[in-house]
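One structure below.
The values are calculated or read from the model by the stated rules, or taken from the named source; none is laboratory data. Keep in mind that what you see is a predicted model, and the values were worked out from it rather than measured. So basically every Cβ, Gly included, is an ideal-geometry build from the backbone, and we count neighbours across all protein chains shown.
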């Protein structure tokens, strides 16, 4: 009895609570005098930098930087179609990755009360160590699912065992062209808007892996 080749796809995903939060905070000032605008933006940014540095020293911030400065000018128009005098703008951005959501929540609650300070979006992620371990576990389980599917198919047609002959990321078995088959991440986070301050609670990050495999059933 000749062997039969079975091709299957194995998939697996796991949900893991986010561990890190990357945030960008900007100090922005507008005004008619360029030098004054830059000076005021610098003064607004100084406490942001000092506070992030203090959080880093306390272990609540993994990494931070303040290397983005934008200075520009434009001439706005009024509602009568008249161009107004030149307005100068200055923005200094501080970026930080927090490992403590409570500390970040408290800091953002304080920043929300400051004029001239804008908070950008928050990007939730896993630590490098956790990410590597989760990717390994999810990939192992995806391969195990492929083996189980192939075994079920083989037994359904009266074959006793399967032997793996090819294993690849999704799409590689068909045409040799790599598809977007690296581990996929779906991120989520929650914020309690009813609390007196900003209450950030990390949601779950879903890590997904899919593999294609061919087995010889005998």
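Table for the structure above
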{"quantity": "Residue within region 70-90 that is surrounded by 13 or more Cβ atoms within 10 Å (Cβ to Cβ), assigned to a helix (DSSP H, G or I) and not assigned by TED's automatic domain parsing to the domain that holds residue 174 present", "calculated": "no"}
{"quantity": "Meets criteria (under 25 Å from residue 6 (Cα atoms), surrounded by fewer than 17 Cβ atoms within 10 Å (Cβ to Cβ) and touching a residue at least 40 places away in the same chain (Cβ under 8 Å)) for residue 161", "calculated": "yes"}
{"quantity": "Some residue of region 95-116 being in contact with a helix residue (DSSP H, G or I) (Cβ under 8 Å, 6 or more places away or on another chain) and exposed (fewer than 13 other Cβ atoms within 10 Å of the Cβ)", "calculated": "no"}
{"quantity": "Any hit, region 13-35, residues being assigned to a helix (DSSP H, G or I), surrounded by fewer than 17 Cβ atoms within 10 Å (Cβ to Cβ) and in contact (Cβ under 8 Å) with a residue 40 or more places away in the chain", "calculated": "yes"}
{"quantity": "Boolean, residue 51 is touching a residue at least 60 places away in the same chain (Cβ under 8 Å), surrounded by 15 or more Cβ atoms within 10 Å (Cβ to Cβ) and under 22 Å from residue 120 (Cβ atoms)", "calculated": "no"}
{"quantity": "Residue within region 179-200 that is modelled with pLDDT of 80 or more and touching a helix residue (DSSP H, G or I) at 6+ places or on another chain (Cβ under 7 Å) present", "calculated": "yes"}
{"quantity": "Hits in region 148-160 (condition: modelled with pLDDT of 90 or more and assigned to a loop (DSSP other than H, G, I, E, B))", "calculated": "157, 158, 159"}
{"quantity": "Check on residue 102, modelled with pLDDT of 95 or more, within 27 Å of residue 62 (Cβ to Cβ) and under 23 Å from the mean Cα position of the chain (by Cα)", "calculated": "no"}
{"quantity": "Matching entry among 129, 145, 135 (being in a helix (DSSP H, G or I), touching a strand residue (DSSP E or B) at 6+ places or on another chain (Cβ under 8 Å) and within 30 Å of residue 52 (Cβ to Cβ))", "calculated": "135"}
